[in-house]
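The values are calculated or read from the model by the stated rules, or taken from the named source; none is laboratory data. All of these numbers come straight from a predicted model, not from anything done at the bench. Here the Cβ positions follow ideal geometry from the backbone for every residue, glycine too, while neighbour counts run over all protein chains shown.
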Amino acid sequence: MLYFEMFRVFFMIGAFTIGGGYAMVPIIEKEVVDKKKWLNNKEFMEALAVAQSLPGVLAVNLSIYIGLKIKGYKGAFSCMIGAVLPSFLIILLVANFYNKLADTKIVDKIFKGALPAVAAVIAAAVYTLGKKSKFKYYHYIVAILVALSVELLNLSPIFLILVFGIGYIIYKKLVLSNRRGD
């Protein structure tokens, strides 16, 4: 019955979380770490790091990794189906009614009203992850610089991730090794 419980947890998260991957992270953490105790905090942060580094949807990657860690391939499949199925069903439903509802004022107001809430949930998730990752003040400065570079300078996020990643490797090798006398 654990497979069904895993499916149910991720189905509920997928069905009731608006805002996508990062908005889901605190909810997934609360369910998986705090309530179900399937993972501890360190394991969850590792799962999150792996899920973020893979291509694809963060919440789906996270569900697959968690399922794999808990119950192997069958667990990964159960969690993944639970995470994906609500969006799939909602998209099917919306697609059937979209042409009739897309231009209505009420739908427009709902989407405009949801945007600030979604942005706030994502910002809160980023802040929480930063605290748990033990970010220093300069990590936040780099994050802000990257965000501004993407938005204002229209630079590729992939390019910036590579530049800052390689830059940090060089910094660790050259600067920190010289400080220790290596």
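So which residues in the stretch 48-76 are under 19 Å from residue 23 (Cβ atoms) and either among the hydrophobic types (A, V, I, L, M, F, W, C) or in contact with a Lys or Arg (Cβ under 8 Å, 6 or more places away or on another chain) (or both)? 48, 49, 51, 54, 57, 58, 59, 60, 62, 64, 66 - these are the residues of the stretch 48-76 that are under 19 Å from residue 23 (Cβ atoms) and either among the hydrophobic types (A, V, I, L, M, F, W, C) or in contact with a Lys or Arg (Cβ under 8 Å, 6 or more places away or on another chain) (or both). Residues considered: 59, 15. Of these, the only one that is surrounded by 15 or more Cβ atoms within 10 Å (Cβ to Cβ), assigned to a helix (DSSP H, G or I) and at pLDDT below 90 is 59. Whenever a residue of the stretch 22-36 is not hydroxyl-bearing (Ser, Thr, Tyr), its partners that are not in a helix (DSSP H, G or I), lying with C-beta atoms within less than 7 angstrom and at least six residues away or across chains, give the pairs 23/17; 24/17; 27/17; 32/38; 32/39; 33/39; 33/40.
The condition of being surrounded by 11 or more Cβ atoms within 10 Å (Cβ to Cβ), closer than 30 Å to residue 67 by Cα and among the small types (Gly, Ala, Ser) holds for only one of 147, 124, that being 124.
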